[in-house]
Amino acid sequence: MKTDVIVVSSKGAQMETALSQVDKVIEYKGLTGKNALHLRLLAEEMMGMMRSITGETEGKFWIEDEEDVYQLHLQAITRMDSSKRQQLLSAASSGKNESARGLMGRLRDFFDQGADEDVTSFSSSLLYPEMYEHSSTPSLDWEWSMMRYESVLFNRIKQDDTAAKEAWDELEKSVVAKVADDVKVSIKGRMVEMIIVKKMN
């Protein structure tokens, strides 16, 4: 099943409609308890990330499900280039984006800065280029997966990598990392898509 696609804005437009659609899915699918709570929570985290994007951006939100696996999709055209981003950030007293912390903050930062930026700036913000790879899917340019991220961190921790330990601690504090089974980010040209995957018990 695929729900209607709802256009949401970083300024907050249609976000309540998107969350209402999540509630309808919960009701229609008969989800209860933790399953219902987790799906709603993941959608709220996704909307929170969208709301914190610098400048005015629109994204498309929808949900797909098959055999108790739910996918929350957020797709947006990146509109920020380096000069626009620098101009906006220079207006802040610190001259930098202080909120780009935590898993969703860092993923949001990539939506924010746009595909004009060298993609390695995103991979380095999440540590280690091997976490962010050329896509094996012909229609995509790049893809990143939380599962791969966790795997790379785990291997680096075994090598006593301090930065990896700090990143792991940060990941463990993430609501999304605790609740979601995977988070995927892919790029095709200037189109960025995030998919949060949740398997229901």
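What follows draws every value from the coordinates through simple rules; no lab data is involved. Nothing here was measured: the structure is a model prediction, and the numbers come from that model. Cβ coordinates were reconstructed from backbone atoms using ideal geometry, including for glycine residues, and neighbour counts include every protein chain displayed.
Near LYS184, which lysines are there with a Cα under 19 Å away, not counting those fewer than 8 places off in the same chain? Within reach: LYS2, LYS60, LYS173, LYS198, LYS199. Between GLU58 and GLU166, what is the FRET efficiency for a Förster distance of 25 Å, r being their Cβ-Cβ separation, to the nearest 0.05? My answer for the efficiency is 0.15.
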